[in-house]
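Below: the structure, in structure tokens.
The values are calculated or read from the model by the stated rules, or taken from the named source; none is laboratory data. Keep in mind that this is a model prediction, so the values were computed, not measured. Cβ: placed from backbone, ideal geometry, glycine included. Neighbour counts: every protein chain shown.
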Amino acid sequence: MGSGRWSADSYQAAAAYRAARGEDAFGYDAELRRTRHRRDWTAHPSLDPFGLGVREARDSEEHPRSVPIAVLFDVTGSMLNVPRRLQQRLPALFGLLQRKEYVAHPQLLFGAVGDATCDVVPLQLGQFESDNRMDEQLGRILLEGGGGGQKTESYELAAYAMARHTALDCLERRERRGYLFLIGDELPYPYVSRRQVAAVLGERLSEDVPTDVIFDELQRRFDTYFLLPAAASYGGDPEVLRHWRGLLGRNVVELADVEHVCEAIALIVGVGEGVIDLRRGVRDLHDIGSRAGKGVRRALEPVLAGR
């Protein structure tokens, strides 16, 4: 995985083709809703984590210094608008990462998180891609819209998969972490359940793993951020913010508008790669016609101060 290059023209052509045919950008989700009862829903084979193996972000002659960027979003309840906005804003994200030269060789992985205590498909993980296959990857995600209504989702299960089932050349060859963005609005469960790991990933653990332990592991591989949109069910919730700051320190981003997700991700990566500071990033947003500058600056100032 990870070959090829992103093309905005190809993205626009695919979007126009879908629109002309009346097709949903999330075609797999639409097909399941049309043809199967919910109890029979399954993850698309390309995103099914059962028997996961590893998701790889590898260097190649075409991409000699790969930079993995994983974006995992909650697909329960009020968070269902996030993946749709991500899909629509992909050109803006790549416009910043590549046209503004934040990252020469980004490889993006998209994934979805639900609730392993009650959802049919609680975890979906794509591949690290450098070209328009990432748009196809998003289109295969099931937007289940479940969740248990108890202010917790299985973020810790996603963290486990990314901590123990990824292979990153940036880390192995250059001792540089990748980036991981978790977009949600609730709490993780207190531990990674060995029963859920067996059911969802198909592997055996001898015991449960505390959530703080797995997030420590995750942060040794990825510079990890939790993005909380204000309009989500628990946007601004003090308990949610306090808990995530306990896990990730200041890498918790309160976004006033879900429309700003792609811009926030791009600027965090640009600052992390040492290419820009926040002030330059806000100017770049203005240059590409984005109106997110003021909101993104306000959200990222407490996170990126001093970097």
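Hey, among 113, 120, which residue is over 14 Å from residue 219 (Cα atoms) and surrounded by fewer than 23 Cβ atoms within 10 Å (Cβ to Cβ)? So that I can check it myself, show each step before the final result.
Values: 113 fails: surrounded by fewer than 23 Cβ atoms within 10 Å (Cβ to Cβ).
Going through 113, 120 in turn, the sole match is 120.
So how many residues does region 5-20 have that are assigned to a helix (DSSP H, G or I), among the charged types (D, E, K, R) and touching an Asp or Glu at 6+ places or on another chain (Cβ under 9 Å)?
1
When both residues are 6+ apart or on different chains and their Cβ atoms are under 8 Å apart, which pairs have a first residue that lies in region 130-152 and is within 26 Å of residue 18 (Cβ to Cβ), and a second that is of a type in the set (Phe, Trp, Tyr) and assigned to a strand (DSSP E or B)?
134/110; 137/110; 138/110; 141/110
Only one of these is in contact with a Phe, Trp or Tyr (Cβ under 8 Å, 6 or more places away or on another chain) and surrounded by fewer than 18 Cβ atoms within 10 Å (Cβ to Cβ): 99, 33, 84. Name it.
84
Looking at region 29-47, I want the residues that are over 21 Å from residue 127 (Cβ atoms) and have a partner that is among the small types (Gly, Ala, Ser) and outside any helix (DSSP H, G or I) with Cβ atoms under 9 Å, at least 6 apart or on another chain. Which pairs are those?
These pairs meet every condition: 38/146.
Would you be able to say whether some residue in region 254-268 is more than 20 Å from residue 303 (Cβ to Cβ) and of a type outside the set (Asp, Glu)?
no
For region 182-229, which positions are small (Gly, Ala, Ser), at negative phi and not in a helix (DSSP H, G or I)?
184, 193, 206
Between 285, 255, 247, which is more than 17 Å from the chain's Cα centre (by Cα), of a type in the set (A, V, I, L, M, F, W, C) and under 25 Å from residue 212 (Cα atoms)?
After ruling out the rest, the residue left standing is 247.
Across region 68-114, which residue is nearest to the chain's Cα centre (by Cα) among those that are assigned to a helix (DSSP H, G or I) and among the polar types (S, T, N, Q)?
Among them, the one singled out is 87.
Do you know which of the residues in region 7-18 that are in contact with a Pro (Cβ under 8 Å, 6 or more places away or on another chain) and closer than 28 Å to residue 59 by Cβ is modelled with the highest pLDDT? Break it down stepwise before answering.
Step one: list which residues in region 7-18 are in contact with a Pro (Cβ under 8 Å, 6 or more places away or on another chain), which gives 8, 11-12.
Still in the list and also closer than 28 Å to residue 59 by Cβ: 8, 11.
Working: 8: 78, 11: 81.
The selected residue is 11.
Can you name the residue in region 53-73 that is surrounded by 13 or more Cβ atoms within 10 Å (Cβ to Cβ) and among the hydrophobic types (A, V, I, L, M, F, W, C) and is also modelled with the lowest pLDDT among such residues?
Per the criteria, the residue is 73.
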